[in-house]
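Reading through the structure tokens given below for one structure.
We did not get these values from a lab; they are worked out from the coordinates using the rules stated. For clarity, every value in this text was computed on a predicted model and none was experimentally measured. Note that each Cβ is placed from the backbone with ideal geometry, even for glycine, and that neighbours are counted across all protein chains shown.
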Amino acid sequence: MQTENSCIVIFGASGDLTHRKLIPALYNLFKIGRLGENFSVLGVARSELNDETFRTKMREALIKNEDTTPETLDEFCHHLYYQAVNTADADDYGKLVPRLDELHDKYQTCGNTLYYMSTPPSLYGVIPECLAAHGLNTEEYGWKRIIVEKPFGYDEKTAQVLDVQIHRFFEEHQIYRIDHYLGKETVQNLLVLRFSNGWFEPLWNRNFIDYVEITGAESIGVEERGGYYDGSGAMRDMFQNHLLQVLAMVAMEPPAIINADSMRDEVAKVMHCLRPLTQEDVEHNLVLGQYSAGEVNGNIVKGYLEEKGVPADSHTETYMALRCEIENWRWAGVPFYVRTGKRLPARVTEIVIHFKTTPHPVFSQNAPENKLIIRIQPDEGISMRFGLKKPGAGFEAKEVSMDFRYADLAGAQVLTAYERLLLDAMKGDATLFARTDAVHAAWKFVQPILDYKANGGRIHEYEAGTWGPVAADKLIARQGKVWRKPSGLMKKKV
């Protein structure tokens, strides 16, 4: 199914996100016939480029990173245009009016416009106001939608200020807060797994689930983003947006119907039901860490304080682990253990549902746990772990698995996260985009962690290439549990 005719305006078009993610996503959607012929892409930035130089730069990026053919590449690039604008000067946005009129006429897009803010967060409140100054936000002539990249605010207060700024010029139905984690196929499949299979629902609660483990691990360090990352840290960079959204999808109630309002209602309910973090929680159920020099995948790597752009006395966390709970009938008393970190042994994001053991160990005192492992990235798939008889005499139980991997689906056309989310935004489907009430609830929940950090909360050191600080192992060990140590591939014994 193709999208409506529209013009996609990318602010920050000379930046890394545009040529690395956005243009490749649009190219691939075009290549598989999801964009049709009547669309245009208008790059906007301060750099003094013209249409041809912009097309040349995007062509080079596509040839370098994507599977292209000369004919398709040429055809796609003819839809690319560029307009130099001082994005901090409202008067300069006047240049966009005739340019957009020209593109709407040429491609018969009826005024439909998708704005993508691929810019520093400092411009998130500026761009909507400048667009409104020239009437480029009104829907009298076609729909107008605006995509906001993370971070949506820096803490609870700044998120509220930004929300007010954007809502002065765009209605909530026009605002799409993007989280690329929610565009991943396995995150969406989690919902189908839960709500299309009748035998999971009776088990998906505190009566049968012992605890839930969510891991977002990265083997890389901060790369060339030291300056940016040091003002963010693991909590803002991964936990507040990505992993809390994943947690909400694990824990949400079945929606009445599958549409944006119903789905996002249930996500918001989970955020509001998170048990508020007390001073005792942040002292005993939170572990913050920072990596030191070590070895990752056979390579000696430097510590965080030695990274380019990182102050030598930085107190920024590159790892966090948290034990939290959801206060509702389904999940009361079930701990959720969430961790994320850089310079860990593998790049992997997964959810592990740990089911309670049998009430009486008939066959063995060490019977395998029943686990449902949902791998979000890489090697996306689902694995069920349970016990069967070990060959030979006696009745010793052995853990076996039933696995599904997306890579095993012949001819499966799996959209990348940005492809899926851009397509949804053009279709007006906000299901996988964060709504304002959920964003504020998430910031409210993590504010005690921010306060703890601001007041000099303890940062534990961990060696690069390990699974984090010893304190994180002790955190989960208090319940007699251990963190799962996954490999990068589902098909390996992990």
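Table for the structure above
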item	result
Dipole magnitude of the chain about its Cα centre (Cβ charges: Lys, Arg +1; Asp, Glu -1), debye to nearest 20	1900
Acute angle (nearest 10 degrees) that the helix 417-427 long axis makes with the longest principal axis of the chain, alpha-carbon atoms	50
Inverse of mean 1/r across different Cα pairs in the stretch 6-149, Kirkwood, Å	15.3
Cβ-Cβ FRET estimate between residue 357 and residue 473, R0 fixed at 25 Å, reported to 0.05	0.75
0 to 90° range, to nearest 10: angle between helix 185-195 axis and the chain longest Cα axis	60
Neighbour-limited loop hits for GluC sites (Glu not before Pro), the stretch 133-232 (at most 15 other Cβ within 10 Å; DSSP other than H, G, I, E, B)	139, 140, 171, 223, 224
Subset of 184/453; 95/157; 371/481; 64/427; 57/302; 398/474 violating a 22 Å alpha-carbon distance limit	184/453; 95/157; 64/427; 57/302; 398/474
Convex hull projection area averaged over all views, the stretch 398-450, Cα basis, nm²	8.0
Relative contact order for the chain, counting Cα pairs under 8 Å that sit 6 or more residues apart, in percent	17
Most to least packed among 127-138, 57-68 [average Cβ atoms within 10 Å]	127-138, 57-68
Amide H within-cut-off set for residue 303, under 5 Å, with H built and near neighbours excluded	293
Zone residues, the stretch 290-328, relative to residue 458, backbone N less than 19 Å from point 7 Å out along Cα-to-Cβ	290-292, 315-324
Angle in degrees between helix 260-273 and the longest Cα principal axis of the chain, rounded to the nearest 10	50
R0 of 22 Å, Cβ-Cβ distance residue 69-residue 143: FRET efficiency to nearest 0.05	0.10
Packing rank of 347-355, 82-90, 308-316, where each peptide gets the mean count of other beta carbons within 10 Å, highest leading	347-355, 82-90, 308-316
Low-density loop cleavage sites - chymotrypsin sites (Phe, Trp or Tyr not before Pro) in the stretch 305-340, where at most 14 other Cβ are within 10 Å (DSSP)	329
Directionally averaged shadow of the stretch 125-266, computed from the convex hull of its alpha-carbon atoms, nm²	11.9
Full-stretch length increase - residue 402, residue 105 - with 0.36 nm per residue and alpha-carbon distance subtracted	101.5 nm
Cα-Cα P(r), the chain, percent of pairs per 10 Å interval	4, 18, 27, 26, 17, 6, 2, 0, 0
Dimensionless Rg ratio for the stretch 86-170, taking C-alpha atoms and the 2.2 N^0.38 Å reference	1.14
